[in-house]
Each structure stands twice: as structure tokens, then as C-alpha cells.
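The next block holds one structure in the form of C-alpha cells; read it before the comments.
The values are calculated or read from the model by the stated rules, or taken from the named source; none is laboratory data. Remember, predicted model here, so these are calculated numbers, not experimental data. Here the Cβ positions follow ideal geometry from the backbone for every residue, glycine too, while neighbour counts run over all protein chains shown. With ligands, DNA and RNA removed, areas are computed over all heavy atoms of the protein, side chains included. Shrake-Rupley method; radii C 1.70, N 1.55, O 1.52, S 1.80 Å.
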Amino acid sequence: MGVIQILVGDITKLQVDAIVNAANNSLLGGGGVDGAIHRAAGPELLAHCRTLGGCPTGEARITPGFRLPATWVIHTVGPIWRGGHQGEPELLRSCYRQSFALAAAQGVRTIAFPSISTGAYGYPKEAAACIALGVMREHRDAFDEIIACCFSPTDAGIYTTLCPECPAPRSL
Ligand code: AR6
């Protein structure tokens, strides 16, 4: 069974088979982790994304990682938090599930996720981490390592509390 590892650091630095991007419907870049991934991957990523025609909320698309250490980038579009009664939990769960499905289809063994929707899109962090960890547990048999890449020690603390079976968090 693969491990779910909580990491604190910048997802663009990770040498894994795939990193997941918290993108928007255009797939043409933005702020937050999306901006960091596009900067680190180089302009080839934007050129490739232009050919994809966007992505609906809750779905995912895969591209090469270009100049990133990661081989693949899986772009998924999380829901904007509107109070929790507009299908946000189902859409967020779908982001994680579709990302895992695309990864498995490419033979990915190691994958890292940011905390989708919890920045600009305002999803409450605990509730989002609960969904993330639930879907990660569903898929751990099919992967060697699943990384929950947190941008702050506080965020990592939320994952740690919700995942007593996870190894102690590591920092990059
Ligand atoms: N590595 C890991 N995590 C990061 C990094 C990084 N380099 N940078 C930020 N985070 P956000 P969203 C964390 O806002 O809420 C963009 O403009 C951040 O602390 O990046 O899904 C897109 O284009 C937070 O925990 O994504 C969309 O328009 C998490 O990543 C919109 O933001 C997600 O925060 C998507 O909003």
C-alpha cells in the first residue's frame, strides 16, 4: 500500500511523476499555485494549455511538465466556495478523483496535490482536507506515494490532525 505523505513546501520543486495544479476554467494560468506552476514550467505550458479549450469545474486535464522536475501536470478546476450548498463538496471530490484517474492512465506512481480551492476560491481548509484525504485513501493501493503538498506549516497541521495514520510531515 502506498504512503500518504504530508509535505510543507513549493509543489513546483517536487521531482514526482505528476503534480496537480489548482487551475481555473480557462487553463490559461492565474495566481497562487497556478501562477507558480506556469512560471516554473515555462511558456511551453501556456502554449500547450491554449490547445485544450479550457476545463469545466470538477474535471481535469493532463499536460507534460515541460521545465518542471515533474513529468506531468494534471490541471483541475476546483469549485469556488459559495457557502457549501452549490455542490462544492461533490465538485471538489471529483477534482481529486479525476486527477487520480488521469494519473493512473499515464502509469504515474508518485503524485503531489496542493490543497485545491482553499486559496483564492475560499473553500474552508478543514473541510477541503477531509475530502482530499478521503479520496487519497481510496487510491493509495494504486500509487507508491501520494503527497499532500501544503504551503504552510499551519495547513500541514490540519492534514496531520485529520490523518493520524500518515507519517510525520516533512519540509522541503
Ligand atoms: N506550492 C504548493 N501550494 C501552493 C503554492 C505552491 N507553490 N502556491 C500556493 N499554494 P490557490 P484555488 C497553495 O489560490 O483556491 C488561481 O489564480 C495555497 O496556499 O492557488 O484553487 C487559479 O488560476 C492554497 O493552500 O488555488 C484560479 O483562478 C492552495 O495552494 C484560482 O487561483 C490553493 O490556492 C484557484 O483557486
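Just the number please: accessible area per residue for the range 1-159, 1.4 Å probe, all protein chains included, in Å². Write out the running numbers ahead of the final one.
On the way: 6630 Å² over 159 residues.
Value for the range 1-159: 42 Å² per residue.
Once Rh is set to the Kirkwood radius over Cα pairs, what Stokes-Einstein translational diffusion coefficient, in µm²/s, holds for the range 98-140 at a temperature of 20 °C and a viscosity of 1.002 mPa s? The partial results should precede the final answer.
Details: Rh = 11.4 Å.
Value of D from the Cα-based Kirkwood radius: 189 µm²/s.
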| message | What would the Debye equation give as log₁₀ I(q)/I(0) for the range 126-172 at q = 0.24, 0.27, 0.29 Å⁻¹, counting only Cα atoms as equal point scatterers? | response | -0.93, -1.15, -1.28
| Which length gain, in nm to one decimal place, applies between Ala47 and Ala127 when the Cα-Cα distance is subtracted from 0.36 nm times their residue separation? | 25.4 nm
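Using r as the Cβ-Cβ distance of Glu165 and Ala120, and R0 as 25 Å, what FRET efficiency do you calculate, to the nearest 0.05? Present the calculation step by step, with values, prior to reporting the outcome.
On the way: r = 31 Å, r/R0 = 1.23.
So, using R0 = 25 Å, E works out to roughly 0.25.
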| task | Grab the eigenvalues of the alpha-carbon gyration tensor for the range 55-106, scale each by 5, take roots, and send me the semi-axes largest first in whole angstrom. | result | 25, 11, 7
| note | Of the accessible area of the chain, computed with a 1.4 Å probe and all protein chains kept, carbon and sulfur make up a percent value of 55 percent
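May I ask you to rank Tyr121, Tyr96 by accessible area, largest first, using a 1.4 Å probe over the protein chains only? Before the final figure, lay out the partial values.
Details: Tyr121 60, Tyr96 0 Å².
Result, largest first: Tyr121, Tyr96.
Contact order normalised by length for the chain, with contacts defined as Cα pairs under 8 Å and 6 or more residues apart; what percent is it? Intermediate results must be reported in sequence, preceding the final value.
On the way: 371 pairs, mean separation 60.3, N = 172.
So the answer I get is 35 percent.
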| note | Within the chain, cysteines having no neighbouring cysteine beta carbon under 4.7 Å are Cys49, Cys55, Cys95, Cys130, Cys149, Cys150
| message | Please compute, for the alpha-carbon atoms of the range 60-153, the extent along each of the three principal axes and give them in descending order in Å. | response | 36, 29, 27
| task | Taking every pair of Cα atoms in the chain, average 1/r, invert it to obtain the Kirkwood radius, and report Rg/Rh to two decimals. | result | 0.93
| Where the centre of each part is set by its Cα atoms, how far does the range 132-172 sit from the range 1-68, in angstrom? | 19 Å
| query | Given H placed on each backbone N at 1.01 Å, which residues far from Asn24 in sequence or on other chains put an amide H within less than 5 Å of it? | reply | Gly29
